[in-house]
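As structure tokens, the structure follows; a few thoughts come after it.
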Ligand SMILES: [Zn+2]
């Protein structure tokens, strides 16, 4: 199920729309100094997009803003459902590929390479990220307290996906991306 989702171009179009909404909300809110926010998007060259979307202009930039007021000029980068901080691969790919390595029928690296072109080394780096870096973030230490049941951190992010009660893979993924979205930006909240 997660495997089908990984290559579904409709998912990536939806994630773009969600990011547009998040950007519109950030712009409407304005800068903390009450200054107007002007668009100052970052160029990105994300990996992991389905082939038919590889040339999509929408995916070559990340929404970001710069305060228009002299003396402030602070950057605001809204949270994103597509980009996980500075990671080159899209968040959905980092989550789904990492999750597919667990479960009753783990997906082989060769298969994952065929699907999204990810190397064994990258997958193992993500595994360390989930199990060593992610679990130590102040975000996670606080956020895990909000989960209804404690989850097994050894199986992150699969255990987190499965912690959401919706049984549609796409809804679970969206819940997870929303949940971890504070990690997608370094802008102060
Ligand atoms: Zn400002």
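Mind jotting down a quarter of the surface of the convex hull over the alpha carbons of region 141-189, in square nanometres, one decimal?
3.9
With axes computed from alpha carbons, what is the tilt in degrees of helix 9-29 against the longest principal axis of the chain, rounded to the nearest 10 within 0 to 90?
For helix 9-29, the angle is close to 30 degrees.
Determine the calculated [θ] at 222 nm for the chain from helices alone, applying -39500 (n - 2.57) to every DSSP H run no shorter than 4 residues and normalising by the residue count; nearest 500 deg cm²/dmol.
Taking each H run of at least 4 residues, the total per residue is -11000 deg cm²/dmol.
Please determine, in degrees from 0 to 90 and to the nearest 10, the orientation of helix 169-179 with respect to the longest principal axis defined by the Cα atoms of the chain, where the helix direction is its Cα long axis.
Once rounded, the angle reads 50 degrees.
Take the alpha carbon gyration tensor of region 52-189, find the square roots of its eigenvalues, order them as a ≥ b ≥ c, and report rounded if a/c is under 1.5; if not, report prolate when a/b exceeds b/c, else oblate. Mind showing how you got there, number by number?
Details: a/c = 2.00, a/b = 1.34, b/c = 1.49.
Since a/c reaches 1.5 but b/c is at least a/b, the shape of region 52-189 is classed as oblate.
Which three numbers, in whole Å and largest first, are the semi-axes of the equivalent ellipsoid of region 15-130 derived from its Cα gyration tensor as √(5λ)? Don't jump to the answer; show the numbers that get you there.
Working: eigenvalues 231, 40, 26 Å².
Semi-axes (√(5λ), whole Å): 34, 14, 11.
Quick one: helix 91-100 against the long Cα principal axis of the chain, what's the angle to the nearest 10°, folded into 0 to 90?
Computed tilt is about 10 degrees.
Which FRET efficiency value, to the nearest 0.05, do you get for residue 153 and residue 183 by plugging their Cβ-Cβ distance into 1/(1 + (r/R0)^6) with R0 = 22 Å?
Calculated value: 0.90.
Report the label-to-label distance for residue 16 and residue 32 in nanometres (one decimal), using points 7 Å from each Cα along the Cα→Cβ vector.
The two pseudo-label positions are separated by 3.3 nm.
For residue 68 and residue 40 in the same chain, what is the full-extension length gain: residue separation times 0.36 nm, less their Cα-Cα distance, in nm?
Gain on extension, residue 68 to residue 40, equals 9.0 nm.
Can you tell me how much longer the chain between residue 61 and residue 165 gets when fully stretched, taken as 0.36 nm per residue apart minus their C-alpha distance, in nm with one decimal?
34.2 nm
No value in this document is a laboratory result; all are computed from the given coordinates. Note that the coordinates shown come from a computational prediction; the quantities given were computed from them, not determined experimentally. Cβ: placed from backbone, ideal geometry, glycine included. Neighbour counts: every protein chain shown.
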